[in-house]
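A.B. asks: Dropping a structure here in structure tokens format, bear with me for questions.
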Amino acid sequence: MRIRRSGRFEHELGEIVDYIAKDKKSAAKAFNRSLQFAIESLADHPNKGRPNDDGYRELVHKGYTIPYLVDDENIVILGIFNQNEWKHK
């Protein structure tokens with residue numbers, strides 16, 4: 001399966017990484033690397049995340065929730081949020 005990252009995800013991730021980097025750049029890089037590894041693992045295990053009532057699934061990684069959609073060919077990463085801050089549009 002092919003993994004596609006939405007523009008919204010890229011923007012939200014950038015804000016999170018920038019925030020972490022204010023404290024420690026190496027921690028921001030490590031977080032981003034581990035998150036990308038977790039997302040890439042969805043290619044082999046697309047149903048790994050918990051199902052959501054809205055029809056998408058959620059991968060949880062280090063306190064962040066990453067909602068995604070799965071179809072026959074693609075996994076679309078919709079966004080990333082901490083707790084209930086993210087709203088699907």
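A.B. asks: For Asp54, are the conditions met, namely being at pLDDT below 95 and either in a strand (DSSP E or B) or closer than 15 Å to Met1 by Cα (or both)?
C.D. replies: no
A.B. asks: Moving on. When only residues in the stretch 1-30 that are basic (Lys, Arg) and not in a helix (DSSP H, G or I) count, which is nearest to His45 (Cα to Cα)?
C.D. replies: Arg2
A.B. asks: Report every pair of residues separated by at least 6 positions or lying on different chains whose Cβ atoms are under 6 Å apart, first residue within the stretch 49-78 and among the hydrophobic types (A, V, I, L, M, F, W, C), second in a loop (DSSP other than H, G, I, E, B).
C.D. replies: From the stretch 49-78, the pairs are Leu59/Gly49; Ile66/Ile80; Leu69/Tyr56; Val70/Pro46; Ile75/Met1; Ile75/Pro46; Leu78/Ser6.
A.B. asks: While we're on this one: Look at Phe81 and say whether it is in contact with a strand residue (DSSP E or B) (Cβ under 6 Å, 6 or more places away or on another chain) and surrounded by 11 or more Cβ atoms within 10 Å (Cβ to Cβ).
C.D. replies: It is true that Phe81 is in contact with a strand residue (DSSP E or B) (Cβ under 6 Å, 6 or more places away or on another chain) and surrounded by 11 or more Cβ atoms within 10 Å (Cβ to Cβ).
A.B. asks: Among the residues in the stretch 9-26, are any surrounded by 12 or more Cβ atoms within 10 Å (Cβ to Cβ), at pLDDT 95 or above and under 20 Å from Glu73 (Cβ atoms)?
C.D. replies: Yes: one or more hits.
A.B. asks: Given the conditions (1) at positive phi; (2) in contact with a helix residue (DSSP H, G or I) (Cβ under 8 Å, 6 or more places away or on another chain), which single one is not true for Gly55?
C.D. replies: (2)
The values are calculated or read from the model by the stated rules, or taken from the named source; none is laboratory data. From a predicted model like this one, the values you see are computed outputs, not experimental measurements. Cβ sites come from the backbone with ideal geometry, for glycine too, and all protein chains shown count toward neighbours.
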